[in-house]
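Read through the structure below, which is laid out as structure tokens, and then see the notes.
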Amino acid sequence: MLFHLRFRQPQPSIELSEEAKFRRKQHKYVESSPINLNFHQIQTMNLFFIFALLFSSFFNLSVARGGSPSSINASGVVNGSFAASARHLFADIKVSLAEQLQLKRLEELAKDYMSNSDLENALMSLNSRCSGISRVYSIGKSVQGVPLWVMEISDKPGKEEAEPAFKYIGNVHGDEPVGRELLVLLANWLCDNYMKDPLATLIVDNVHLHILPSMNPDGFSLRRRGNANNIDLNRDFPDQFFHMNDDPGARQPETKAIMRWLDEIRFTASASLHGGALVANYPWDGTENKKKYYYGCPDDETFKYMATIYSRSHHNMSLSEEFPGGITNGAYWYPIYGGMQDWNYLHAGCFELTLEISDDKWPNASELPTLFEYNKMSMLNLVASLVKTGIHGRIFSSDEGKPLPASIAIKGLNSTIHARETLADYHRLLVPEGKYEVIATMPGYKSRSTRIMLGEEAMTVDFVMDPVITPINSFLRRGWSCSLPGPHLEVFFILVLVLVSVFLCFLLKRRVVLNYPKQRQTKRSVIGV
């Protein structure tokens, strides 16, 4: 069938909006002179689709780290499948057509990726093959009821040890599936190389590694960024500056599952895997006034050190021309709110990075082995840094030797972590080659501090804390033997004294009431006389 295309002469450049300029700068869109196609001369709709596909390849429709702030409304609802694109190629014709074309493209690409069922089977199979160092458990379900499967890898999976815990989370955004594939490959590599490779053995023996390949299985199935409710999960967490996510009932089940997870397990550090750029992103992700500028958290130097570990271990991330050293402060890149990264640090003292591991959000599956090789050492070295650097220790009481869930702070840093309730172990990430004053505090005990010079290797710093001696505590400790810890012992006996006082007051009042009729009778007898 013959048809003709008539091209108009190039028109003057069109002034771009601020959002368009921003996206072009971030993702380096290809600029070309506007060309208007005369589609009225195309004889069939099929040819229209062909040309749409051809010209759509000139535009990058992906979003890094969550996309432009304007692409998500206050509730986190994604405004269309192409929320981050500065302009839609066929916006003046029919947006739904472009969405259909993109969906068709992703369906073709997804054929060679693991489905949610494939992913579950892969984890179960791996767990059977490496049952001695792994376990599989679920932290909840998605909107559509898909289990959020986690694989724990450790020499003692499922058991509490005085060791740091690390978590990897993939597929936060449904249309960024590279992370879920790479995390399964990572789990397999650790299984195959335990007791063979020194780095694999170090991690398995000294860290509890938890891997959640897909936080958003519904979004993956729907081939879109948001979950089944079309909510961007990386905008659904409570935010330190704005209160749009303060209603627990409005949060998505995937978000709630992550929040419960951190209440149950004390994670030292973590990272989420995304696509659309190549950079290691660290807090803060937002600013108080929503403006774009560098806004570091109290542990800014430590986060830069962690991000640098990932970037320099990567095949080419550190060579980035857009991001010096392959790392960036989130707010300096572009501010986002309700993100998982900042919430981890604020709520649980978990040092989380947001890792952009592929420029292409959904590359051909044939590229996955190469992407894994590019990221493998980065993922391993980041986990291993938990035991290779920083300070680690346990905290005990001097009187009974019991573990104390005390707080650990570093002088000059407005950041506190907490030892675990049961084992009282703590794991504090710090930049090597530095002088620090470490302070341990707990109600009912005298604070303890020590100055250290941290070298390239990790250091053990244990604390033995003395209880605060009060008159009542002194008396009770001399004459009583009680299993209650110091501060609870004092509170207990204060309550006892209060109850005794109330009881004595009650008896006194009752005695007065009982004696009153007798007093009146005595007065009447005197008057009668």
With a Förster distance of 25 angstrom and the Cβ-Cβ distance between E264 and N414, calculated FRET efficiency to the nearest 0.05 equals 0.40
At the level of C-alpha centres, the distance separating region 199-266 and region 293-352, in angstrom, is 18 Å
To the nearest Å², the heavy-atom accessible area per residue of region 351-416 with 1.4 Å probe amounts to 35 Å²
Taking placed amide H atoms and a strict 5 Å upper bound, the residues 5 or more places from S270 or on another chain that come that close are K167, F351, E352, L353
If amide H atoms are modeled at 1.01 Å from N in the peptide plane, then the residues at a separation of 5 or more from V464, or on another chain, having amide H under 5 Å from its own are F396
The simple spin-label model distance between E301 and D247, using points 7 Å out along Cα→Cβ, in nm, is 4.4 nm
Computed ³J(HN,Hα) along region 163-173: with the Karplus parameters 6.51/-1.76/1.60, θ = phi - 60°, integer Hz and x for glycine or proline, the list is 10, x, 10, 10, 10, 10, 10, x, 6, 4, 9
A student applying the Cα gyration tensor rule (rounded when a/c is under 1.5; otherwise prolate if a/b is larger than b/c, oblate if not) would label region 376-419 oblate
Here the relative contact order (percent) of region 122-265, from C-alpha pairs under 8 Å and at least 6 apart, is 28 percent
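Going highest first, how would you order 220-230, 417-427 by mean Cβ packing within 10 Å? Walk me through the numbers on the way to the answer.
Details: 220-230: 22.5, 417-427: 19.1.
Going from most to least packed, we get 220-230, 417-427.
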Simple SL model, points at 7 angstrom along Cα→Cβ for L103 and K156; separation in nm is 5.1 nm
Expressed as a percent, the accessible surface of region 113-168 that is carbon or sulfur, using a 1.4 Å probe and the full set of protein chains, is 46 percent
Karplus-derived 3J(HN,Hα) from phi for region 131-136 (6.51 cos²θ - 1.76 cosθ + 1.60, θ = phi - 60°), whole Hz, x at Gly and Pro, runs 4, x, 10, 8, 8, 10
Here the gain from full extension of V498 to D205, 0.36 nm per residue of separation minus their alpha-carbon distance, amounts to 100.3 nm
A correct Karplus calculation of ³J(HN,Hα) over region 176-193, with 6.51 cos²θ - 1.76 cosθ + 1.60, θ = phi - 60°, whole Hz and x for Gly and Pro, returns 10, x, 4, x, 5, 5, 5, 5, 5, 5, 5, 4, 5, 5, 5, 4, 6, 10
Per DSSP, the loop-located GluC sites (Glu not before Pro) within region 242-333 having at most 12 other beta carbons within 10 Å are E288, E321
Each label sits 7 Å from Cα toward the beta-carbon; between M453 and R312 the label points are separated, in nm, by 2.2 nm
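Any of K141/K361; K159/K256; K411/K435; K196/K388; K304/K388; K111/K376 with alpha carbons more than 22 Å apart? Name them for me.
K141/K361; K159/K256; K111/K376
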The FRET efficiency for N121 and D359, from their Cβ-Cβ distance with R0 = 30 Å and rounded to 0.05, is 0.50
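The values are calculated or read from the model by the stated rules, or taken from the named source; none is laboratory data. Everything quoted here is computed from the prediction, not taken from an experiment. Don't worry about glycine lacking a Cβ; one is built from the backbone with ideal geometry, like all the others, and counts go over all protein chains shown. For the accessible areas, the whole protein counts, side chains as well, though only heavy atoms, and no ligand, DNA or RNA atoms are used. Shrake-Rupley method; radii C 1.70, N 1.55, O 1.52, S 1.80 Å.
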